[in-house]
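A short write-up of the structure that comes next.
The values are calculated or read from the model by the stated rules, or taken from the named source; none is laboratory data. Computed from a prediction, not measured in an experiment: that's the story for all the values here. Glycine gets a Cβ as well: all are built from the backbone with ideal geometry, and neighbour counts include every protein chain shown. Surface areas here come from the heavy atoms of the whole protein model, side chains and all, with no ligands, DNA or RNA. Shrake-Rupley method; radii C 1.70, N 1.55, O 1.52, S 1.80 Å.
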Amino acid sequence: DNSLIGAEALVRWFMDDGTQIYPDQFIPALEDNGRITELDFFVFEGVAKFLAKNNALGRKQVPISVNASVWHTENDDTVQRYLSILERYNIDPSLVDIELTETAAAQNYTKVCELFAELREAGIHTSLDDFGAGYSLVNMVVDIPIDTIKIDRQLLLSCENSDKGRLFLKQNIAMLKSLGYSIICEGVETEDQRQLLLDAGCTKGQGYIFSRPIPIEEYEARFYGAN
């Protein structure tokens, strides 16, 4: 129904001359040298600051999701660092959601399960991102401790133009919902896709039909009426 139920924090790098560098131009280098975790915590703290601002202004809060690298599974203090940031800004852990991609989860299944279990125990929501883009292992969606599954846009695109595809998408959504997961479909760009998802039983979507990635100031103006 076009109501705001959440947001996702993304990162862009702006040079002094105003040039914008997109994540695919710098994230791989940080992944290679392991420093991606520091960027993740930087973004997470930015989200905590924003949520604290909303609290101070009495705004209605919606959860904000933050992407995390699988490198976090190598550090025993990951969850404590997240919690320390939330405590610093007096933020309820349920207002944030940590996302890992399906591919990362499949390749590091045991460690990801341990991390997600610890996050959920701490009250932080967890999401499996890009579902359907790669592995989609049955045992992964049955056992992994997550709250939300985000269906990759490629699955939507591959299913929208055939009756079999529509049935496949509908059955997948029904199966995932029956397992107790919240379902969000990514990459929704057209009204036809939006209607397809509604017909398939998916009532939550993310994509350009709702909003392109926008600066936080524009987000505030659009959803909170801030100048």
Only one of Ile124, Ile85 is more than 18 Å from the chain's Cα centre (by Cα), β-branched (Val, Ile, Thr) and within 27 Å of Pro213 (Cα to Cα); which?
-> Ile85
Which pairs do you get when a residue that is open to solvent by 80 Å² or more (accessible area, probe 1.4 Å) and charged (D, E, K, R), found in segment 65-85, comes within reach of a residue that is part of a helix (DSSP H, G or I) and at pLDDT 90 or above, reach meaning Cβ atoms under 6 angstrom, with the pair 6+ apart or on two chains?
-> none
Might you let me know whether segment 72-93 holds any residue that is touching a Gly at 6+ places or on another chain (Cβ under 8 Å) and among the aromatic types (Phe, Trp, Tyr)?
-> no
Can you name the residue in segment 86-108 that is within 24 Å of Lys49 (Cα to Cα) and either in a loop (DSSP other than H, G, I, E, B) or touching a Ser or Thr at 6+ places or on another chain (Cβ under 7 Å) (or both) and, of all such residues, is most open to solvent (accessible area, probe 1.4 Å)?
-> Asn90
Checklist (1) modelled with pLDDT under 95; (2) loosely packed, with under 12 Cβ neighbours inside 10 Å applied to Leu30, failing item = (2)
